[in-house]
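What follows is calculated from the coordinates using simple rules that are stated; it is not laboratory data. Computed from a prediction, not measured in an experiment: that's the story for all the values here. Please note: Cβ atoms are built from the backbone with ideal geometry, for glycine as well, and neighbour counts cover all protein chains shown.
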There are 2 protein chains.
Amino acid sequence: MPAGTMEEKGRDNVLVKFEGFDFIDGGVCAPKGFQASGVHCGIRKNKEKKDLALIFCEKDCTAAACYTQNKVKGAPILVTRQNLSDGKARAVICNSGNANTCNADGEEKAQRMCELVSQKLPVDPKDVIVASTGVIGQPLPIEAIEGGMDALVAALGRTPQQAQDAAFAIMTTDTRKKEIAVSFRLGGKECRLAGMAKGSGMIHPNMATMLCFLTTDVCIEADVLQKALSRVTKVTFNRVSIDGDTSTNDMVSILASGLAGNACITYENEDYEIFVNALYVLLMNLSREIARDGEGATKLLECVCTGAEDEETAETIAKAVITSNLLKAAMFAADANWGRILCAIGYADASFDIVRVSVDLASSQGTIRVCENGSGVAFSEEQAKTILNEDEIRILVNVGEGKGRAVAWGCDLTYDYVKINADYRT
Amino acid sequence: MPAGTMEEKGRDNVLVKFEGFDFIDGGVCAPKGFQASGVHCGIRKNKEKKDLALIFCEKDCTAAACYTQNKVKGAPILVTRQNLSDGKARAVICNSGNANTCNADGEEKAQRMCELVSQKLPVDPKDVIVASTGVIGQPLPIEAIEGGMDALVAALGRTPQQAQDAAFAIMTTDTRKKEIAVSFRLGGKECRLAGMAKGSGMIHPNMATMLCFLTTDVCIEADVLQKALSRVTKVTFNRVSIDGDTSTNDMVSILASGLAGNACITYENEDYEIFVNALYVLLMNLSREIARDGEGATKLLECVCTGAEDEETAETIAKAVITSNLLKAAMFAADANWGRILCAIGYADASFDIVRVSVDLASSQGTIRVCENGSGVAFSEEQAKTILNEDEIRILVNVGEGKGRAVAWGCDLTYDYVKINADYRT
């Protein structure tokens, strides 16, 4: 079963639920063995805003990651990729407020961050995942991080509060923290998987993602873990776009402590598929949170493309729709300007016959058909307005040709997006 | 000599000048043989806004066109493509306020528009270029056009005022008309080439363009004319992006009356190259006008990419830069956030080594280097602000690898872009 084909069990205000996977509290500290902390160390001027996060595991973990495909890569990406080449890690350090990218001394400082963790905790600097997020091209104030390390390590703990502190510390223009944890069973053993993520601009992942740090207590070998992460990232984070800009510092990483006591996953068996599904539940919901909290956003847009010749075609179409600035602006105004959806479908780089395409708009207020066989159909503008006034909109595109299906997530384009990005450096 | 490699002769407030090509008045009526008109026929509610344009030539013309590559094509595109299959035409009719796209009866109504011209003027319906621009997916009110034909034909004439009326009538969200005419010599004969165009949203041409109607009195065979038009469109209109959305109704067409008396161009000789250069002067300047008047824009952005391995690489990079929402928002705020330029260069789908890239920002207030060898260099933020406060900004990217060069045009992203597009249908 490909990731993402499970039947939904339902939706609450925010999360999409699936049978066999229960949402639990505790963020990245929910899986056994993990501690976390988040402090203000001074990279940001606002003392209320935490800017340095740490995750630490009581034992060595298998580890995996996916990275941005931008040719400009943040220095921390280069160091982390090197450190994870042996599939093993034990800690994550991440600062916000500065991306440590396009700086001549970037790698040196990213290495230094790993060493700082190593000096305070029983972990080799080569077993540290390092990340930075914020403005590009300004020297990283490493002294602030050096000065904050004692407090950061002292604050480590297993409570939901400490996990939440870490989730807050990695935020940039995000308006809220993003952390989700799920529990599920592997061979009768209770297992946990958790993640914290940050958006919320320069989001158009390409074979990678915005920053997301995952923890799990599942026992799973590093190469299988990498396979699972890559597979699920492809159908979740890689289908989010806030603004079409692929960041230089995107990364999703995972640490697996193995403390759940499950039979270790060493190949693609049944347990592997359950783990992949758990990853899908987590990453899909985090993707939705990132899109919902896109810079300036007032609405989450979810484009569900079905009936395509294959999944790739469906993905291309769904991504074209949620990336269209014109559609995004129309959604901000709750305007059922479906011509812009057709236009975006039409310029999607995929092969299909436009005369078979139908489009519905849906939300918790109902579903309305706006286009059939590539042409408009009469519909009630009033009903459309009621549907589009909700803060979560689904755009249902049926290509009418096959069984390919994909979902992509985005948000509306608002005055605040412009405001946030016109003012970002000041 | 490839189109677009001529040395600039200078720039006035608006136009880029070249040796041997003089800007003249008269718009599309400047070339010999052409008449034009523009009236309000009632597609738009606002009676002050002309919404129907006509161009008519006193004799048959050779003709050529390039069309949108969007799979959703406006009905007028389909009819025009059919009509121009013999390389011959004599009139253009274009309405604004409705795109006649994604309507079941679209082609029928586009055909009807050609017949209406044919009923009033000595032209076969198959020799009419028909175009529509405006909202997608609403039935075209053909009665309004039928009712307006008498006035439209009665208003035909050769004066600059009449050309201007036509240029106004094709505008949608454009804030000003776009018409340019140039004169030049072929074998001692004075020749003229002119065009009117409209933007200003859903602009991200792909092997075609927004609406642009060209007239010339050069004698040139249809297949050579098509070759010239395609060649120059590729390096001008196809390098403009306002918002990343490729429209369904893009078209650039040209009518050549042959009345200048030049030795008819039947193959790619020296006169052909001069004609290509004339086309370049006209289309490049119209491209700049379209970008400058992009929806909500306050600034024209011109990205000049040099030193690339080849022209295609340079084009990919230049287009990635001027398409970046994040950079566009920064330019609105006159913020020298060059990290966003590097980021966009980094995700451009081309092959090059980022560590050789340098970036300068330039305007009439000077030039400032912000990035060298892929990393930031110290610069005066104050000086950068002075440069970026101008309303025409040049972003100079040197890839440091070869001789490939390309220019692309865009604009800033502003509150007004969102406002215009949130309100468009209402």
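Computed values, structure above
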item: Principal axis box of the protein assembly as shown, alpha-carbon based, largest edge first, Å; result: 87, 56, 42
item: Centre separation in Å (Cα based) which lies between the stretch A:354-407 and the stretch A:78-117; result: 45
item: Pseudo-label separations to other copies for A:THR386 - Cα-to-Cβ vector, 7 Å, nm; result: 6.1
item: Difference of contour (0.36 nm per residue) and Cα-Cα distance, A:TYR415 to A:GLU382; result: 9.4 nm
item: Förster radius 35 Å - calculated FRET efficiency between B:ASP223 and B:ASP22, Cβ distance, rounded to 0.05; result: 0.80
item: For the stretch B:72-111, convex hull of alpha carbons as volume per residue, Å³; result: 70
item: Convex hull volume per residue in cubic angstrom - Cα atoms of chain B; result: 125
item: At 0.692 mPa s and 37 °C, Stokes diffusion of the stretch A:300-422 via Kirkwood alpha-carbon radius, µm² per second; result: 231
item: Calculated FRET value between A:SER85 and A:GLN119, using beta carbons and R₀ = 22 Å, to 0.05; result: 0.45
item: Order of B:LEU121, B:LEU186 under a 10 Å beta carbon neighbour criterion, fewest first; result: B:LEU121, B:LEU186
item: CD proxy at 222 nm, helix term only [per DSSP H run n ≥ 4: -39500 (n - 2.57); per residue of the protein assembly as shown; nearest 500]; result: -9500 deg cm²/dmol
item: Sites excluded, GluC sites (Glu not before Pro) in DSSP loops with at most 14 other C-beta within 10 Å, longest stretch of chain B; result: B:49-267
item: Chain B Cβ-axis minimum, rotational copy A, residue and distance in Å; result: B:TYR415, 2
item: Listed residue pairs exceeding 27 Å between alpha carbons, taken from B:LYS47/B:LYS71; A:LYS328/B:LYS73; B:LYS32/B:LYS126; A:LYS299/B:LYS47; result: B:LYS47/B:LYS71; A:LYS299/B:LYS47
item: Residues listed by number, the stretch A:139-164, amide nitrogen under 18 Å from A:LYS47 label point at 7 Å toward C-beta; result: A:144-145, A:147-152
item: Net length gained if the chain between A:LYS189 and A:ARG11 were fully extended (0.36 nm per residue, minus Cα distance); result: 61.4 nm
item: Residues with amide H under 5 Å from that of A:SER363, placed H, sequence gap 5 or more; result: A:ARG394
item: At 7 Å out from Cα toward Cβ: A:VAL16 inter-copy label distances (nm, ascending); result: 4.6
item: Length-normalised contact order of the stretch B:300-422 in % [C-alpha pairs under 8 Å, at least 6 apart]; result: 45
item: Counted charge near A:VAL359, where neighbours are those whose Cβ lies closer than 12 Å (Asp, Glu -1; Lys, Arg +1); result: +2
item: Under the span-like rule (Cα at least 24 Å along the axis, Kyte-Doolittle mean at least -1.0), DSSP H helices of chain A; result: A:270-292
